[in-house]
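Quick notes on the structure that follows.
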Amino acid sequence: MTGTIAVVMIFSIPIIAILTVHNQKLAKIKHNMIIDEITLEKLKQENYLLETEKMKLELEQMKLEGPRDTKII
């Protein structure tokens with residue numbers, strides 16, 4: 001009985017260490033994935049703002065060019 005307990009304790013420590021290291025690696029991978037997702041969302045937001053500003057400028061340019069075209073005709 002004592003031998004069985006000793007064997008279980010001897011093998012359980014490395015197994016627990018392996019599982020802990022594995023869980024830490026998974027946590028680091030998830031952390032990096034979340035950081036990448038946040039960066040991607042920031043880029044999407046910046047792109048959206050740039051496209052919106054571009055569309056505003058194009059609309060303003062169309063408004064300015066619009067009356068000239070109608071006067072020529």
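Figures for the structure shown
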| quantity | calculated |
| --- | --- |
| Which listed residue is surrounded by fewer than 10 Cβ atoms within 10 Å (Cβ to Cβ) and not β-branched (Val, Ile, Thr), from 9, 62, 55, 33 | 9 |
| Pairs, first at pLDDT 95 or above in segment 14-25, second assigned to a helix (DSSP H, G or I) and aliphatic (A, V, I, L, M), C-beta under 9 Å, six or more apart | none |
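The values are calculated or read from the model by the stated rules, or taken from the named source; none is laboratory data. Here the structure is a predicted model, which is why all the values come from computation and not from measurement. No Cβ is skipped: glycine too gets one built from the backbone with ideal geometry, and neighbour counts run over all protein chains shown.
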